[in-house]
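Asks: Have a look at this one before I ask anything.
The values are calculated or read from the model by the stated rules, or taken from the named source; none is laboratory data. As the structure is a prediction and not an experimental result, all values here were calculated from the model. Note that each Cβ is placed from the backbone with ideal geometry, even for glycine, and that neighbours are counted across all protein chains shown.
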Amino acid sequence: MFGKGLVKGLKITWKRMLGKKQTVKYPFTKIEMFPRFHGRFVIDPDKCISCGLCVNACPNKVIQLEKQKVGTKQYLTKYTMKIEYCLFCGLCVEVCPKDAINFSEIIDMNQYRREWVTLKMVDRDAPVETIDDNALIDSSSSHKEG
Amino acid sequence: MKTQTQTYSLNLGPQHPSTHGVFRIILELDGEFVVKATPVPGYLHRGIEKLAEARTYTQVIPYTDRMDYLAGMLMNWGYVMSVEKLMSLEIPERAEYIRVIVGELSRIASHMMSVGALGADLGALTAFTYTFRDREYVMDLLEMTSGSRMTFNYMRVGGVVKDFPPEFYPALKHFLSELPGMCDEYDGLLTGNEIFIARTKNIGIITPEMGINYSLSGPTIRGSGVNLDLRKTRPYSIYDRFDFQVPLGENGDCYDRFRLRIEEMRQSGKIIQQALEQIEEGPIMAKVPKIIKPPVGDVYTEIESSKGIYGSYLVSDGSTKPYRIHFRRPSFINLGYLGDLCKGWKLADVIAILGSIDIVLGEVDC
């Protein structure tokens, strides 16, 4: 009583004022993220076997995947993530059998326009030599829709 | 002729810093005294229970994070426990210990927020910055474990996703050694502060009878001296292996509810310390089929969340998706008493009362 508590509080704040600084000047100094940090997604298209497990694992239907058959294998032609609906829960990363999709340390996903937010991670044509004409027409029409 | 002042209504919220989110109270005031208080929740309703019906059992887990986002681990835990009970799963020892450690860390983080926010509501913004600084340590610990800072999605039906990384142990030990000092700082800044005491002591008294009648739980009812902590009274998981005390209040006022949260942080630190000593190597995931299909039936489980008793009622029709889930969110139940509790107190006390109940709107509106 009689202001003792106030003095005690002031002592703590004074001690802290002389102590080590806790913050960094953000855009100039960046803290290092932990290895497991859930940042922006990265996909390795060469590892991906287009199995679609990530599409099914996603609780919010964020992932859109398009594939084409090349020989006996499925070839990933398009991989889009509607990141504005993403919960960053990591179920897609967890379920991937080939470790193709992963989190990165990138935190900067801000965009000026809403349509730019969508992550277009893979957008490529299947190897030409093994595709007949009909498949080429199909793939070009789906590109326009996307 | 009896003269009487006219009452007037005052709208508090839905966007007001002291309502801790989007929560609205319509106050009927006679001068400075509250005649009637009508809480209006629902601004943050996302229909999580309904969304869960269209998702598989695993896909529901990230949604539970979004309820009490200050203690996401505990929300995960309550839900997966109900699925595990329905499937009669045995959880590996190590997974149980990991759950206790991350759960108690979440509780500490939640209480830090609560303690700091009550201080900030009552004008002590300095204390708020202190608790936020320390909460950052907890969030770092949980981030290196799960990858996220608040919405972890760390627990799975049958265990947890990943084991602790090697850098976790020294960081946790450092935090545990600092924790008592942190709590002393909060005590020095708030608990002993005369202005804070004047604003909270003998304000918003909840009697044990009324607390029980309104089905309050957590620190809100323990502040009234009712010894209701599921970790002690009905131990779930492995809580019967730890030696800890349940701090209790005496008067049931805002001050008691606030004070015992700091005590609980200290006790949680003790639990984590014991869990760290007892934890052994082993699997972190039970043998669970890839596609989770619990048998037909219903189940109700409860855990002690940071706000009170968090229950999860699950009905299964034998398919891969839950037929119905209901979550008993402690904040929502505790808030039920707010209308009657505020009656007769001054307008400024309403802020203290609301802060001391410690609601999280994500959980209230679900």
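Asks: Considering only residues of the stretch B:321-366 that are in a helix (DSSP H, G or I) and of a type in the set (Asp, Glu), which is farthest from residue B:295 (Cα to Cα)?
Replies: So the residue we want is B:349.
Asks: Could you grab me the full set of residues in the stretch B:123-141 that are among the hydrophobic types (A, V, I, L, M, F, W, C) and in contact with a Gly (Cβ under 8 Å, 6 or more places away or on another chain)?
Replies: Residues satisfying the conditions are B:125, B:127, B:128, B:132.
Asks: Follow-up. Which pairs do you get when a residue that is charged (D, E, K, R) and modelled with pLDDT of 90 or more, found in the stretch B:300-329, comes within reach of a residue that is buried (at least 24 other Cβ atoms within 10 Å of the Cβ) and in a strand (DSSP E or B), reach meaning Cβ atoms under 7 angstrom, with the pair 6+ apart or on two chains?
Replies: B:302/B:310; B:328/B:310; B:329/B:310
Asks: Follow-up. For residue B:180, indicate whether it is assigned to a helix (DSSP H, G or I), more than 28 Å from residue B:257 (Cα to Cα), more than 11 Å from chain A (Cβ to nearest Cβ) and not hydroxyl-bearing (Ser, Thr, Tyr).
Replies: For residue B:180, the condition - assigned to a helix (DSSP H, G or I), more than 28 Å from residue B:257 (Cα to Cα), more than 11 Å from chain A (Cβ to nearest Cβ) and not hydroxyl-bearing (Ser, Thr, Tyr) - is not met.
Asks: Now, a different point. Go over the candidates B:156, B:133 one by one and state the one that is under 21 Å from residue A:12 (Cα atoms), surrounded by 16 or more Cβ atoms within 10 Å (Cβ to Cβ) and at the interface with chain A (Cβ under 10 Å from one of its Cβ atoms).
Replies: When all the criteria are applied, what remains is B:133.
Asks: Which residues, counting only those in the stretch A:92-146, are buried (at least 17 other Cβ atoms within 10 Å of the Cβ), of a type outside the set (Val, Ile, Thr) and modelled with pLDDT of 90 or more?
Replies: A:92, A:96, A:100, A:103, listed by residue number.
Asks: I would also like to ask the following. Of all residues in the stretch B:192-210 being facing another protein chain (nearest Cβ under 9 Å) and crowded, with 23+ Cβ neighbours inside 10 Å, which is modelled with the highest pLDDT? Explain how you work it out, then say what you get.
Replies: Restricting attention to the stretch B:192-210, the residues satisfying the condition of being facing another protein chain (nearest Cβ under 9 Å) are B:192-197.
Then keep just the ones that are crowded, with 23+ Cβ neighbours inside 10 Å; that gives B:193, B:196.
Numbers: B:193: 85, B:196: 88.
The extreme case among them is B:196.
Asks: If you take just the helices (runs of 4 or more DSSP H) that sit entirely in the stretch B:195-259, which of them hold at least 1 residues that are under 17 Å from residue B:306 (Cβ atoms)?
Replies: So the answer is B:219-222, B:230-233.
Asks: Run down B:225, B:297, B:252, B:269 and say which single residue is small (Gly, Ala, Ser) and closer than 22 Å to residue B:80 by Cβ.
Replies: Answer to the check: B:297.
Asks: Here is a further query. Might you let me know whether the stretch B:76-85 holds any residue that is acidic (Asp, Glu) and within 13 Å of another protein chain (Cβ to nearest Cβ)?
Replies: no
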